Amino acid sequence: MTGTLSGNFNGNMTGTFTGSIANISGRNIIINGAMEIDQRKEGVSLSIAADQLMSLDRWRTRRNGTGNYSIIRSTEVPAGFLNSVLLTVTTADASIATTDYYALTQRIEGTNIRGLDFGLSTAKSLTVSFWVRASITGNYSFGLTNAAATRGFPAQYTINSANTWEYKTITILGETTGTWVTTISNAAELWWGLGIGTTYTEPATGAWSSVSNTLGTDSSVNWISTNAATFHITGVQLEVGTVATPFDRRPFAVELELCQRYYEKSYNIGVMTGSSTALGVSTAVAISTTSTHGASHSFKVRKRTTPTISIFGHTGTVAVWSDPAAANTAAATANNACETGFSNVTSTGLTAGVGYYGHWAADSEI
Amino acid sequence: MTYKLNKNGLIRLEDKALIPVNTDNFDYIQYLKWVSEGNIPEPEFTQEEIATNIIAEDNLVAKTKLLNSDNVSIRLIREFLIAKFKADKDMPQQLLDIEAAAILERTKIK
């Protein structure tokens with residue numbers, strides 16, 4: 001039967017909803033929870049010997065102490081996933097000081113917690129779920145803090161078997177007090193603790209703590225204390241409600257665009273930032289020793305805020321531009337950066353009439 | 001980390017990245033923290049760079065003057081040689097060709 005249905009529906013619709021909440025996308029507040037997107041390193045290991053270094057998109061390493069570890073995208077996975085992130089202790093910190101901390105974290109942009117009503121009497125509870133695999137068993141620390149770290153939710157989860165994937169869920173009560181950012185700035189940080197000093201821990205009571213800088217829980221595993229200890233995690237989801245639903249797998253292109261709000265590069269996906277390649281370069285022609293024409297760049301995705309811009313030569317050298325044969329190389333730094341791109345490159349040592357190649361990376365991570 | 005002031009923000013000297021003056025930018029927040037610890041960024045131009053820029057500007061002026069002088073002197077020499085060769089009636093063919101080409105080009109100038 002064909003035809004056109006027109007008119008106004010004024011009745012009541014009754015029936016049974018036969019779908020599943022698990023089939024509704026957009027539930028996961030975490031970005032790159034499946035650990036597939038690694039624009040900066042593309043599967044190359046990064047040594048963590050300082051605080052707040054970034055490796056896989058959106059995932060932040062925290063390190064305050066004498067211990068070091070490495071981070072790399074891994075193909076060791078539970079069923080249904082392609083990647084996890086692997087952390088490995090490279091220098092053990094056998095005696096964690098009270099103010100030391102080691103953790104993998106993700107910061108949540110304020111615009112992504114609008115609707116949670118945190119700080120209000122109508123605050124909604126959240127549930128975080130993830131797959132984890134570690135070489136050391138025991139009770140591990142988890143924490144959620146607001147940006148000012150004046151409110152913290154300390155919790156624990158248990159790894160029962162070494163080197164075995166286990167699925168964990170933690171329910172976080174809606175927080176009715178405290179200041180919660182709802183702008184483009186940092187609103188909250190989720191901490192998977194790997195060794196946290198007592199200055200930053202409180203008991204896991206299932207309630208929010210008003211003690212400043214509560215990043216995790218007392219009596220948790222100090223993973224960083226064991227050389228070569230490993231920790232994998234993937235399938236990370238943070239969602240509204242008290243029930244963990246199956247992982248919200250968004251299309252790869254969508255997940256990549258969500259990541260590119262915080263980091264974008266001129267290189268192909270699969271090519272590490274700073275690699276030697278001419279694929280994806282921007283080009284400009286020098287009109288004098290210090291000026292070029294054509295050095296204008298638009299981002300594929302508008303950035304969260306004006307990003308930091310790094311320039312790379314197509315031979316992989318930082319902060320230079322080169323002609324295709326790399327016979328002429330000139331120092332280069334970006335100019336006029338904004339949310340949508342940058343318009344020029346300041347350079348010295350150019351050769352007039354020569355065309356220059358350059359790559360770029362834009363970082364507006366929180 | 002160390003930093004240098006720039007007309008568009010800051011240059012992080014370790015990787016020459018441009019950091020905007022923007023309190024929502026993580027790297028700028030890190031810079032402010034670095035300053036609060038008593039650190040001072042390098043000026044946009046060092047004394048050496050200022051001196052280099054002055055020298056470069058002086059060189060540019062000198063080059064322009066030299067170019068003008070050279071153009072005048074070359075023209076005078078050429079006119080002298082042409083006058084001399086015409087008087088001697090022994091002007092080389094190559095110079096004759098160049099002069100003819102120059103006359104042709106002059107006719108094109110409006």
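The values are calculated or read from the model by the stated rules, or taken from the named source; none is laboratory data. Source: prediction; values computed, not measured. With ideal geometry, Cβ positions are generated from the backbone for all residues, glycine too; neighbour counts draw on all protein chains shown.
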Mind checking which residues of segment A:278-301 are under 29 Å from the mean Cα position of the chain (by Cα) and touching a residue at least 40 places away in the same chain (Cβ under 8 Å)?
A:A278, A:G280, A:V281, A:S282, A:S296, A:H297, A:S298, A:F299, A:K300, A:V301
Sole exception among (1) part of a loop (DSSP other than H, G, I, E, B); (2) within 14 Å of chain B (Cβ to nearest Cβ); (3) within 22 Å of B:E14 (Cβ to Cβ); (4) within 19 Å of the chain's Cα centre (by Cα) for A:R304, by number
(3)
Within segment B:38-65, track down each residue that is loosely packed, with under 11 Cβ neighbours inside 10 Å, closer than 28 Å to A:A337 by Cα and within 14 Å of another protein chain (Cβ to nearest Cβ).
B:E48
Check off (1) touching a Pro at 6+ places or on another chain (Cβ under 9 Å); (2) facing another protein chain (nearest Cβ under 9 Å) for A:A362 and give me the number that stays unchecked.
(2)
Exactly one condition in (1) in contact (Cβ under 8 Å) with a residue 40 or more places away in the chain; (2) touching a strand residue (DSSP E or B) at 6+ places or on another chain (Cβ under 8 Å) is not met by A:Y157; state its number.
(1)
Of all residues in segment A:112-137, which are within 24 Å of A:M35 (Cα to Cα) and over 21 Å from the mean Cα position of the chain (by Cα)?
A:S135, A:I136, A:T137
Candidate set from segment A:337-351 (those that are crowded, with 20+ Cβ neighbours inside 10 Å and among the polar types (S, T, N, Q)); member that is farthest from the other protein chains (Cβ to nearest Cβ)
A:S347
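Residue-by-condition table, conditions (1) in a loop (DSSP other than H, G, I, E, B); (2) closer than 20 Å to A:R261 by Cβ; (3) not small (G, A, S):
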residue	(1), (2), (3)
A:D51	yes, no, yes
A:R58	yes, yes, yes
A:Y69	no, no, yes
A:T88	no, no, yes
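Looking at A:H314, is it assigned to a loop (DSSP other than H, G, I, E, B), in contact with a strand residue (DSSP E or B) (Cβ under 6 Å, 6 or more places away or on another chain) and not assigned by TED's automatic domain parsing to the domain that holds A:I184? First the steps, then the outcome.
Numbers: assigned to a loop (DSSP other than H, G, I, E, B): yes; in contact with a strand residue (DSSP E or B) (Cβ under 6 Å, 6 or more places away or on another chain): yes; not assigned by TED's automatic domain parsing to the domain that holds A:I184: yes.
In short, yes.
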Of the residues A:A361, A:A330, A:A334, which is at pLDDT 95 or above and not in a loop (DSSP other than H, G, I, E, B)?
A:A361
Residues that are of a type in the set (S, T, N, Q) and at pLDDT below 90: does segment A:297-308 have at least one?
no
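Let me confirm something: among A:E202, A:E189, which residue is within 14 Å of chain B (Cβ to nearest Cβ) and either surrounded by fewer than 21 Cβ atoms within 10 Å (Cβ to Cβ) or modelled with pLDDT of 95 or more (or both)?
On the way: A:E202 fails: within 14 Å of chain B (Cβ to nearest Cβ).
Exactly one residue qualifies, and that residue is A:E189.
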Could you please find all residues in segment B:7-26 being buried (at least 22 other Cβ atoms within 10 Å of the Cβ) and within 7 Å of chain A (Cβ to nearest Cβ)?
B:I11, B:A17, B:L18, B:I19, B:P20, B:N25, B:F26
Hey, which of the strands (runs of 3 or more DSSP E) in segment A:142-247, taking only ones fully inside, have at least 2 residues that are within 23 Å of A:I96 (Cα to Cα) and out of contact with any helix residue (DSSP H, G or I) (no Cβ under 7 Å at 6 or more places or on another chain)?
A:152-159, A:186-196, A:230-240
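Residues being under 14 Å from B:L5 (Cβ atoms) and β-branched (V, I, T): count how many of those fall in segment B:34-78. Working first, answer last.
Here is the first cut: in segment B:34-78, the residues under 14 Å from B:L5 (Cβ atoms) are B:34-35, B:39-46, B:49-50.
Checking which are β-branched (V, I, T) leaves us with B:35, B:40, B:46, B:50.
Result for segment B:34-78: 4.
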Across segment A:308-331, the tally of residues that are within 11 Å of another protein chain (Cβ to nearest Cβ) and closer than 16 Å to A:T273 by Cα stands at 9
